[in-house]
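Derivation of every value follows stated rules applied to the coordinates shown; laboratory data play no part. Just so it is clear, the model here is predicted, and its values are computed rather than measured. A quick note on method: Cβ atoms are made from the backbone with ideal geometry, for glycine too, and the neighbour counts reach across all protein chains shown.
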Amino acid sequence: MDAIDRHILSILQEDASLSIADIAAQVGLSQTPCWKRIQRLEASGVLQGRVALLSPEKLGLGLSVYVSIVAGEHSDAWLDRFTRSVAAMPEVVEFYRMAGDVDYMLRVVVSDMIAFDEFYKRLIAVAPLRNVVSRFAMERIKATTALPLETAPPIAFPRARRVAEEAVAG
């Protein structure tokens with residue numbers, strides 16, 4: 001991945017609705033090479049999708065809750081049941097297995113405290129839990145889906161790496 005690919009990704013992170021012509025103009029390419037780069041970024045899995053960002057507050061989903069969970073046990077059956085059940089809950093917008101003093105971290109988005117209480121009751125019924133701590137966000141100071149591309153290490157696409165290795169081997 002070169003500087004042009006990173007520039008394309010940066011543009012798409014800001015506005016994925018732009019046309020190929022607009023993106024190509026911003027990165028200094030014609031449309032076909034720009035489109036091929038985007039296709040390669042999608043095929044490699046770097047570009048996973050293009051979505052619309054919604055305002056939770058304007059949709060009546062203004063309460064964000066961070067939920068830390070310590071597992072009740074660590075068996076394969078427990079893990080499978082817990083992860084499948086929690087991942088299927090629509091209020092859970094992020095779900096991580098953690099290292100450290102908690103096993104799982106959730107970001108939950110709901111309309112209000114009553115909705116969170118209903119969610120919480122469903123959560124604790126899924127599987128035995130040792131500890132659950134909920135933290136309520138009072139103000140969103142920064143929220144972005146854009147990754148810090150300027151700090152990402154260089155990566156090579158598999159095909160490009162193989163071509164480069166073949167050129168060196170001669």
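General remarks:
- Stretching the chain fully between residue 136 and residue 44 yields a gain of 29.4 nm (0.36 nm per residue, less the alpha carbon separation).
- Inter-part distance where the stretch 1-47 and the stretch 117-155 are each reduced to a Cα centre, Å: 30 Å
- Cα-based Rg of the stretch 1-53 normalised by 2.2 N^0.38 Å, two decimals: 1.01
- Cβ-based net charge around residue 152, under 12 Å, with every Lys or Arg adding one and every Asp or Glu removing one: -1
- Once mean projected area of the Cα convex hull in nm² is calculated for the structure shown, the corresponding label among (1) 14.3; (2) 11.1; (3) 10.4 turns out to be (1).
- Among 83, 151, sorting on how many other beta-carbon atoms sit within 10 Å of each Cβ, with the fewest leading, yields 151, 83.
- Positive-end ranking of 128, 8, 41 along the dipole of the chain, with charges on Cβ about the Cα centre, is headed by 41.
- Cross-link partners for residue 142 among the aspartates and glutamates, with Cα-Cα distance under 19 Å and sequence neighbours closer than 8 places in the same chain left out: 14, 15, 57, 94, 150.
- Value at 222 nm in deg cm²/dmol, rounded to 500, when DSSP H runs of n ≥ 4 in the chain each add -39,500 (n - 2.57): -13000 deg cm²/dmol
- Long hydrophobic helices in the chain, taken as whole DSSP H segments with a C-alpha length of 15 Å or more on their own axis and mean Kyte-Doolittle hydropathy at least -1.0: 3-14, 76-87, 113-126, 158-169.
- Computed over the stretch 63-136, Kirkwood Rh from alpha-carbon pairs, angstrom: 12.3 Å
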